[in-house]
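A quick write-up on the structure given underneath.
Only the coordinates and a few stated rules stand behind these numbers; no lab work does. Keep in mind it's a predicted model, so treat the numbers as computed, not measured. Please note: Cβ atoms are built from the backbone with ideal geometry, for glycine as well, and neighbour counts cover all protein chains shown.
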Amino acid sequence: MSDEKSIPEVIKNQKLDEILSEAKEPEDKIKVALDFMRSALSQEGSPRLRDFWEAKAVCLPLFKQRLSPAARSYFWEEFVSLSDEARRLKDVLDEQSAFAADAIDKAIDAIDKDFQQYETFVAGYQPCSFPKGVESLLSSTDFYNKAYAKIGVLTSFSTRINGLKQEVSKTSMRVRQKGRIFQKLQELRTQILPIRNDLVSEVSKAFLNDVSTFVSLHEHTPAKPFYILRDEIKALQELSKVLSISTEAFGKVRELLSGLWDQIRKLDKERKKAQGDKREAQDKNHNEAALKIDALEKRIEDEKLNSNQAKSLFNEMHSYLRGLDLHRDHVRVLKTKLSDIQDALEAPRQSVSAEKADAMEAKSVELAKEYAAQQAVVDQALTDLADSDLSSIEAKIQTLQEEVKSIELLDPILDLRIETKQSMLLEQDEVLVSDVENLLQMRKEQRERLRARIVALRKSLGTSNLDFEKSMQLGDELEQVKETLESVEGAINALNELITDA
């Protein structure tokens, strides 16, 4: 007989015909076959019964060959013992297979029964959790809630079916029985999938239409502040992940929202650049106009012109100022300076001595120069703070409040502080409610300044000693302040809504 200790390793790694071809003697062949049969029954997991029956069919004829009585008796006893063990294992496996098949059949029937009560499960399904602020952007939240519940229930059915498929694949049972169960699962799946696919198609189409409508409203001229649109775009992107939409629709939604996001950022940059260019041009016009007013004042002093002689010069200057593009703060300063010069000429001198009149004129000119000097300080501060951060602007305001006596001159820098703070908030990914409330308070203070200016302008227009040109100038300034006030009111309303939604 051949060496026995190598047989188990051979059994594990070679097929039966290869093992038998290596054995020469009948006893060796029987021993190898019996070892193979034993290995098939002792296989980890499910025994290899097919290999066992094939090995048994090969082994039985070997007992007809010439063997010693002792070897024949020994091998035959082992052969019978392995055969009995195989039959017992087969009975156990058949029983387990039948039990598993019965359990799977019951699970399939349970899914089928639940599917018949589909509407009941939909009614009790948890509603869709919409991201904050997105509901106002949708055509019908009721439609999305119902579709979300239906798709969720059908998806749970599909998940249970797939789980049973995997269980059947891992369970040892007859091929015919396994095929019957797979067929039953496929029939149930065929009832569920078309309904789910139709719902997914409807939701995808509706959501894509809502996103397209949202994008079309803002892609050319945004109808809302940048920071509000940013939050709404994020909310729609988040909702696209919550809803069950097709891969194609998800890609189109993402493309539309990303395109709008890029467009808004581009428009915002263009708006800031246009504002900067306009302010730069206005500053240049202001400086040129200030030089012309200084030249006018010097000419009046050099030529010793009285109010009647200088009237045409003042009219020309007013016409010149109306033709310039100037910021309202520039207009106020220049007109004040020009008015002071004109008032100084028109002030009655009959009732006062020449010395007192000269003193009053000198004082008026001194005040005008002091006002102009303070205005120059504020203008220089605006130029220096053009690209500064909020802390630098705050520090400069504190310094100017001590240097500048005319508080109204600080209005442009206070406005710059508000615009800088708002721009800073728009660039942040997360905005604190306290920061928004602080900005809201600043906007309210700006509103009060504008209202006070409107009252003052109306009071000035109500006087009877204004000439026609001055009335026109004050009327233009009043309209400009009203437009600014309307813009500030809109910003205040937007901030109030943002705080309320927080």
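Some observations on this one:
- Nearby lysines by direct alpha-carbon distance to LYS444 (threshold 19 angstrom, same-chain neighbours under 8 apart not counted): LYS421, LYS482
- Counting only alpha carbon atoms, the long axis of helix 390-403 and the longest principal axis of the chain meet at about 20°.
- Remark on GLU25: its backbone amide H falls under 5 Å from none of the residues 5 or more positions apart or on other chains, H modelled at 1.01 Å from N.
- Cleavage-rule hits, GluC sites (Glu not before Pro), segment 18-66, DSSP coil, Cβ neighbours within 10 Å at most 16: GLU44
- Net dipole in debye of segment 260-330 [+1 Lys, Arg Cβ; -1 Asp, Glu Cβ; about Cα centre; nearest 20]: 380
- Residues THR420, THR247, sorted so that the one with the fewest Cβ neighbours within 10 Å comes first: THR247, THR420
- Label-zone membership for segment 239-275, site HIS220, 7 angstrom Cα→C-beta point, backbone N under 16 Å: 260, 263-264, 267
- Kirkwood hydrodynamic radius of segment 127-245, Cα pairs, Å: 17.0
- Kirkwood analysis of segment 183-286, using all unique Cα-Cα pairs, places the hydrodynamic radius at 16.5 Å.
- Of LYS15/LYS165; LYS224/LYS269; LYS106/LYS146; LYS273/LYS298, those spanning more than 26 Å from alpha-carbon to alpha-carbon: LYS15/LYS165; LYS106/LYS146; LYS273/LYS298
- Between 0 and 90°, nearest 10: helix 468-501 axis offset from the chain longest Cα axis: 20
- Sorted by Cβ density within 10 Å, fewest first, the residues CYS59, CYS128: CYS128, CYS59
- The loop-placed trypsin sites (Lys or Arg not before Pro) in segment 43-121, going by DSSP, that have at most 10 neighbouring Cβ atoms within 10 Å of their Cβ come out as ARG66.
- From the coordinates shown, P(r) over Cα pairs in 10 Å bins from 0, in percent corresponds to which of [x] 4, 22, 34, 29, 10, 1; [y] 4, 19, 29, 25, 15, 6, 2, 0; [z] 3, 12, 14, 11, 10, 9, 8, 7, 6, 5, 5, 4, 3, 2, 1, 0, 0: [z]
- For the chain, adding -39500 (n - 2.57) for each run of n ≥ 4 DSSP H residues and dividing by the number of residues yields -28500 deg cm²/dmol at 222 nm.
- Extreme residue, positive dipole direction of the chain, given options LEU400, ILE192, TYR227 (C-beta unit charges): ILE192
- When segment 428-502 is described by a simple charge dipole with +1 on each Lys and Arg Cβ and -1 on each Asp and Glu Cβ, the residue from VAL481, LEU495, VAL455 located farthest towards its positive end is VAL455.
- Volume of the Cα convex hull of segment 43-107, divided per residue and given in Å³: 82
- DSSP-loop trypsin sites (Lys or Arg not before Pro) across segment 196-253, with at most 14 other Cβ within 10 angstrom: none
- Here the chain is assigned +1 on the Cβ of each Lys and Arg and -1 on the Cβ of each Asp and Glu. Its dipole about the Cα centre then comes out at about 2100 debye.
- The chain: angle of helix 49-59 to the longest principal axis, Cα-based, in degrees nearest 10: 30
- Residue (of PHE63, VAL134, GLY179) at the positive-pole extreme of the chain, dipole from beta-carbon charges: PHE63
- Label zone at ASN197 (point 7 Å along Cα-to-Cβ), backbone N below 20 Å, segment 232-272: 244-251
- Exposure proxy order (Cβ contacts within 10 Å, fewest to most) of MET173, MET37: MET173, MET37
- Simple Cβ-charge dipole of segment 428-502, Lys/Arg +1 and Asp/Glu -1, about Cα centre, in debye nearest 20: 580
- Sequence-separation-based contact order of the chain, relative, with Cα cut under 8 Å and 6+ spacing, percent: 8
- Karplus-derived 3J(HN,Hα) values for segment 115-123, using 6.51 cos²θ - 1.76 cosθ + 1.60 with θ = phi - 60°, are 5, 5, 9, 3, 5, 5, 5, 5, 4 Hz; glycine and proline are entered as x.
- Span from the segment 104-121 Cα centroid across to the segment 128-186 one, whole angstrom: 12
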